[in-house]
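Novice: Okay, here's the structure, questions in a sec.
The values are calculated or read from the model by the stated rules, or taken from the named source; none is laboratory data. Remember, predicted model here, so these are calculated numbers, not experimental data. All Cβ positions, glycine included, derive from the backbone under ideal geometry; neighbour counts span all protein chains shown.
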Amino acid sequence: MPAIEIQRQMLPMFPSPNQGARFYNPELPETEPFVPGHRTCAGCGPSIQYRMTSKASGDNTILVGPTGCMYVANSSYLCTPYNVPWAHTQIGSSGSFTAGVAAAYEAMIRKGKWKGAFPNIICEAGDGSASDIGLASISGALYRNHDCLIICYDNEQYANTGIQASSRTPYGGMTTFSPPGPTIPEAKKLFPKDLARMMAAGHPHCYVATASVGYPIDLMNKVRKGLNHKGASYLMVYTPCQKGFVYETPRSIDLGRLVVECGLYPIWEWNPEKREFDYSFRPQNMRPVSEYLKLQGRFGHLHAEHIATLQKFANEQWRMMKVELPAALIRAADAKNLVDMASAEAAAAIAETV
Amino acid sequence: MSTKGTHIPDWLAVPFAGITPAPSQERGQDLFPTGNWRAIRPVYRDKMPPCNNACGTNEKIQGYLDLVKRGKYLDAYALIKEDMPFPSVTGRVCYHPCEQACNRGQYDEAISIRAVERFLGDLGQALPRDVVTAGRPNGKKVAVVGSGPAGHSAAYQLARLGYTVTVLEKSPKAGGLNRGGIPDWVLPQDVLDREIERLVELGITIKTNTEVGKDVSWDELKKNYDACVLAVGLTEPNSVRADGEDKHGVVYGLPFLRDIGMGTSKVKLGPRVAVIGGGNTAIDCAREALRQGAEEVTMITVEGNTSEMPCVPEDLHDMVAEGVELMHGRAMTAALGNGKVEALQLCRARFSGAINASPIAVDRESPAERFAVDNVIIAVGQHASLPWLPDEFKNERGTIRIDRFGRLGDTNFFAAGDVVQVGSGQPLMVVNAVGDGKRVAFNVDKVLRGVPLQERMVPIDVITDLARMNMTYFPKFPRVRQAMLEPASRRRTQDEVIQAYSEEQATEEANRCFSCGTCNACDNCYLVCPEPCIVRSVRSNGLYKILVDYCKGCRVCIEECPTGCLEGVPELDFDTGVVRMDTAFAITPGLHGRQAEELRRLPDKAPKDIENWR
Ligand SMILES: Cc1cc2nc3c(=O)[nH]c(=O)nc-3n(C[C@H](O)[C@H](O)[C@H](O)COP(=O)(O)OP(=O)(O)OC[C@H]3O[C@@H](n4cnc5c(N)ncnc54)[C@H](O)[C@@H]3O)c2cc1C
Ligand SMILES: Cc1ncc(C[n+]2csc(CCOP(=O)(O)OP(=O)(O)O)c2C)c(N)n1
Ligand code: SF4
Ligand code: SF4
Ligand code: SF4
Ligand code: SF4
Ligand SMILES: [Mg+2]
């Protein structure tokens, strides 16, 4: 039997929008697999991510959506914003479902029942689904190396059910399951599960990366890299949720930049061939975490010591990325140099990155 | 919204919530009107960039920088030529008020607009044929008196409008102060010659050695032309009213430079030269004196320090680099010597008022100083000479009386340039004269066509607050510097001091422009909308559109627009067929009323299915 050649889409990378001093986005695909009329909140970060991802992926795409805002808020009365094949799955089974789709297409191609390029199969799971309820099934899909891209759109909580803490909710983040009070003034005591790193460590043959809506072209390129990678890929994308984070809607992209500039969301790639992390991504500035925290109501209760704890965490992330810490950030990790959130006029120490 | 892959049974093909039309198998859902959530509507509204506003002739600077970014140099040149006849000249000589106003100056360093302008001007000079052509002849004749920047600009615009233009110039060569003021090492004469050729190519007649008041009379102007623009400039130097100003060796800056420019100079400078004055003309005189052979040149100013001097700081810096000494807080009170000046008498002095034009207060108490010189060049401003002008049109300042349109009474005479701007508080400079000439030309045209005249443009919403733009998108980037001859090699020659940009340098510098307040099609709004409800037919300014039926008013697009051309306006009314949720079930005409009717008919449509379903 002759070997079956699986035709892959191999989408090209976008050039950087920064050409010298000029900012100008590269030519973007015309196609719009994500259409308006859906009912996510105004300024919804996950929606921004979904749109960018699907635009990068194109028309020959199949989307899988476990329960969460991107299913419940999005699809109403028989309609969805997805103009490509899309299926809702039970919140815990997105990995198995996606694996099934990928395996089915491989089989159909093998049997000559599907002509044309292998579709881009993308699972868009919320952090609740990806880090808690559906972790096992996603890990299974990654481990078995099905040809698909699994994205955790990370809004750091269970948003759709009214903002409950997930294992991705950051230290200090207020949710309905982690309210601040006299016993636990910082609201959430635990640090977030290091999900993407866990996926890279546990499934080293996969392409794994983190991204943020604050860097759209980087995000779209990582989507394409993940799709071009033969086998399973995993992306964890920071997607702010205005309802849960409690911020002014225009800030959605801005927060996506700030979280990276503060060191709370390191952006990296895992290279499955070399089996190593690539930490070369550098934001334009480095800022103290307070600049990010102060924009969000969910951190409004924090005291100086909690902010210092978060700064220490951020500083560790910078060290992990082998970035030299400016003195201002080391100072900001000491509660003596900080003020409580309620009165916080956060220090505006900005240092250029190296 | 899409229904791709979903089977829609008949009984479910119904409108929802009284607002949204029924979905169909083929088209999905046309309208889930999320636009009715919106309290603030994003709108595209271009603002006036501060550079365009500050330019004396309102060149569309942002526009041509944007074209240069895209490599469309010829379009950029054509755009600049709308307002500026000779970018090759202003690209060299302009005092660049645009750069002082440039928003990038608040951020790192202002855009080197003049250098890009020169790049485009030189490109235009190299073209075998100019991009600008004369208008269809309309049979009317206009005289322009004076061929300086104001006259040049007026003649240029009038020729483009189809007038037959004759320029009358009293000097042997055309160009006004561009030739007989601004030195060759700033503006080489062949560059100016080429621009004057371009005027001739537009069909303009230039009559040199023709002085109004001598060769042509006021009445002849009136009789022979349909209209006339007086752009006669300020041709007479001011004196410092010192004793002995008539001595040999005392020269005035304006004729000194003029004669050098016209090639008729007979002045031979001695080794020690003093220049009186602290403005740009004085700087030109001091630097020219070095080139005319002077060994020691000292500039003597009433201003107490360099920061008070009314001059372009870069030029002052370049002068000092060439070796000119400065002496501040002194006034020349006498030229001493026997027939020929041998020394100056200097007294401590300051301006009595705030501005440099106010009377000088000389300190008679402190002892006068003696300052040995071979020559002194006096450069303290100039005034007009208008013996031929009928008295009724003279004003108290000894210049031409005009109305706010630049017109002399209800005649067809207009005036423009230094001759009307002197004393108005407007700085006297080439680009202001060019702008004045342009505006007056348009008003000449209006008078001759019998349509209402127009005042100087009122700027609307100049965007100067960086907080209205998004600076995140602009990394700090140093200005691209123009190469310059070294002081030691340039101070004795007429070689052009400042060198031109290469093509790469011009684009690199244009790339630094923020495009303040004006969409430059960066696609960011299009990319960040969560709906997405921003569409564009073509990627170009003015062709972005927001689907207001869907826009929820999150304002992410506004926040992320780098140039600040998107803004939010409160939603007062919905005029696009979308109605508010709270009125969804009211029976009103229009879309939702119609649907309410459909809803009422629902039970007739699928009684059985619905019953089973319940
Ligand atoms: C030494 C010097 C250097 C300068 N350098 C700069 C510079 O680097 N950058 C800058 O922006 N500005 C500079 N300026 C200012 C600038 O040159 C003037 O603002 C500008 O030239 C004014 O233009 P205008 O057309 O009104 O007058 P002018 O340029 O003075 O032109 C008037 C013309 O009218 C002619 N004329 C006068 N009377 C008659 C008559 N009766 N009949 C016929 N023709 C007549 C004159 O011969 C002259 O050619 C400088 C000025 C001086 C004096
Ligand atoms: C097994 C199961 N448990 C609980 C739920 C209820 N539920 C529906 S959506 C949701 C939130 C999912 O959170 P996440 O995956 O982070 O997506 P988000 O809503 O934040 O987009 C939950 C808990 C469910 N549908 N199924
Ligand atoms: S709750 Fe958050 S994630 Fe859900 S639709 Fe609203 S903004 Fe988006
Ligand atoms: S940045 Fe560009 S548009 Fe803005 S003022 Fe400067 S030159 Fe003009
Ligand atoms: S980003 Fe989209 S939804 Fe938000 S205000 Fe702009 S056009 Fe409206
Ligand atoms: S974001 Fe870019 S494309 Fe959109 S309006 Fe602003 S400048 Fe124009
Ligand atoms: Mg979530």
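Novice: Having 1 or more residues that are within 24 Å of the chain's Cα centre (by Cα) is the bar; report the helices (runs of 4 or more DSSP H) wholly within the stretch B:467-565 that clear it.
Specialist: So the answer is B:503-510.
Novice: If B:D461 passes every condition in (1) buried (at least 17 other Cβ atoms within 10 Å of the Cβ); (2) over 15 Å from B:A110 (Cα atoms); (3) away from ligand 3 (no atom under 16 Å from the Cβ) but one, which one does it miss?
Specialist: (1)
Novice: On to the next question. Please tell me if A:L258 is assigned to a helix (DSSP H, G or I), within 14 Å of chain B (Cβ to nearest Cβ) and not hydroxyl-bearing (S, T, Y).
Specialist: Yes, satisfied.
Novice: Follow-up question, since we're still on this one. Out of the residues in the stretch B:524-558 that are under 16 Å from B:M469 (Cβ atoms) and crowded, with 19+ Cβ neighbours inside 10 Å, which is farthest from ligand 5 (Cβ to nearest atom)?
Specialist: Among them, the one singled out is B:N524.
Novice: Restricting to the stretch A:333-354, what's the tally of residues that are assigned to a loop (DSSP other than H, G, I, E, B) and either modelled with pLDDT of 95 or more or of a type in the set (D, E) (or both)?
Specialist: Adding up the residues that qualify gives 4.
Novice: Shifting gears a bit: Hey, among B:R404, B:R439, which residue is part of a helix (DSSP H, G or I) and either within 24 Å of the chain's Cα centre (by Cα) or within 21 Å of B:V93 (Cβ to Cβ) (or both)?
Specialist: B:R439
Novice: Follow-up. Pick from A:F299, A:F277: which is crowded, with 16+ Cβ neighbours inside 10 Å, of a type in the set (A, V, I, L, M, F, W, C) and either under 19 Å from the mean Cα position of the chain (by Cα) or on the phi > 0 side of the Ramachandran plot (or both)?
Specialist: Result: A:F277 is the single residue among A:F299, A:F277 that is crowded, with 16+ Cβ neighbours inside 10 Å, of a type in the set (A, V, I, L, M, F, W, C) and either under 19 Å from the mean Cα position of the chain (by Cα) or on the phi > 0 side of the Ramachandran plot (or both).
Novice: If only one of A:Q157, A:Q164 is more than 14 Å from chain B (Cβ to nearest Cβ), surrounded by fewer than 24 Cβ atoms within 10 Å (Cβ to Cβ) and either more than 16 Å from ligand 5 (Cβ to nearest atom) or among the polar types (S, T, N, Q) (or both), which one is it?
Specialist: When all the criteria are applied, what remains is A:Q164.
Novice: Show the residue pairs that are 6+ apart or on different chains and have beta-carbon atoms under 6 Å apart, the first residue being within the stretch A:231-247 and more than 14 Å from B:V556 (Cα to Cα), the second being assigned to a loop (DSSP other than H, G, I, E, B) and within 12 Å of ligand 2 (Cβ to nearest atom).
Specialist: A:K243/A:C41; A:G244/A:Q157; A:G244/A:A159; A:G244/A:I163
Novice: Something else: Which numbered condition in (1) among the aliphatic types (A, V, I, L, M); (2) touching a Leu at 6+ places or on another chain (Cβ under 6 Å); (3) under 24 Å from B:G244 (Cβ atoms) is the only one that B:A384 fails?
Specialist: (3)
Novice: Does the stretch A:24-39 contain at least one residue that is more than 21 Å from B:S537 (Cα to Cα), buried (at least 20 other Cβ atoms within 10 Å of the Cβ) and in contact with a Cys (Cβ under 8 Å, 6 or more places away or on another chain)?
Specialist: Checked the stretch A:24-39: no residue is more than 21 Å from B:S537 (Cα to Cα), buried (at least 20 other Cβ atoms within 10 Å of the Cβ) and in contact with a Cys (Cβ under 8 Å, 6 or more places away or on another chain).
Novice: Being within 16 Å of ligand 4 (Cβ to nearest atom), within 24 Å of B:F474 (Cβ to Cβ) and touching a residue at least 12 places away in the same chain (Cβ under 8 Å) narrows it down to one residue among B:C529, B:C565; which is it?
Specialist: Among B:C529, B:C565, only B:C565 is within 16 Å of ligand 4 (Cβ to nearest atom), within 24 Å of B:F474 (Cβ to Cβ) and touching a residue at least 12 places away in the same chain (Cβ under 8 Å).
Novice: Okay, moving on. Does A:A196 fit the bill of being at positive phi, more than 14 Å from chain B (Cβ to nearest Cβ) and in contact with a Ser or Thr (Cβ under 7 Å, 6 or more places away or on another chain)?
Specialist: no
Novice: For the list (1) farther than 30 Å from B:A286 by Cα; (2) surrounded by 21 or more Cβ atoms within 10 Å (Cβ to Cβ); (3) within 16 Å of ligand 4 (Cβ to nearest atom), I need the number of the one condition that B:V480 fails.
Specialist: (1)
Novice: Residue by residue through the stretch B:116-129, note down the ones that are surrounded by fewer than 24 Cβ atoms within 10 Å (Cβ to Cβ) and among the hydrophobic types (A, V, I, L, M, F, W, C).
Specialist: Matches in the stretch B:116-129: B:L123, B:A126, B:L127.
Novice: Which ones in the stretch B:170-215 are touching a residue at least 60 places away in the same chain (Cβ under 8 Å) and among the hydrophobic types (A, V, I, L, M, F, W, C)?
Specialist: Those that are touching a residue at least 60 places away in the same chain (Cβ under 8 Å) and among the hydrophobic types (A, V, I, L, M, F, W, C): B:L177, B:I182, B:W185, B:V186, B:L187, B:V191, B:L192, B:L199, B:L202, B:V212.
Novice: Looking at (1) surrounded by fewer than 19 Cβ atoms within 10 Å (Cβ to Cβ); (2) under 16 Å from the mean Cα position of the chain (by Cα); (3) not small (G, A, S), which one does B:L428 not meet, given that it meets all the others?
Specialist: So B:L428 meets the others, but not (1).
Novice: Which pairs do you get when a residue that is within 15 Å of B:E503 (Cβ to Cβ), found in the stretch B:64-84, comes within reach of a residue that is among the β-branched types (V, I, T) and not in a helix (DSSP H, G or I), reach meaning Cβ atoms under 8 angstrom, with the pair 6+ apart or on two chains?
Specialist: Between residues of the stretch B:64-84 that are within 15 Å of B:E503 (Cβ to Cβ) and residues that are among the β-branched types (V, I, T) and not in a helix (DSSP H, G or I), the close pairs are B:L65/B:I111; B:L74/B:V131; B:Y77/B:V131.
Novice: Looking at the stretch B:40-56 only, could you name the residues that are of a type outside the set (D, E, K, R) and either over 26 Å from B:G91 (Cα atoms) or not in a loop (DSSP other than H, G, I, E, B) (or both)?
Specialist: B:I40, B:P42, B:V43, B:Y44, B:M48, B:P50, B:C51, B:N52, B:N53, B:A54
Novice: Please go through the stretch A:22-59 and pick out each residue that is among the small types (G, A, S), under 13 Å from A:Y82 (Cβ atoms) and either at the interface with another protein chain (Cβ under 7 Å from one of its Cβ atoms) or within 16 Å of ligand 7 (Cβ to nearest atom) (or both).
Specialist: If the condition is that a residue be among the small types (G, A, S), under 13 Å from A:Y82 (Cβ atoms) and either at the interface with another protein chain (Cβ under 7 Å from one of its Cβ atoms) or within 16 Å of ligand 7 (Cβ to nearest atom) (or both), then A:G37, A:S47 are the ones that fit.
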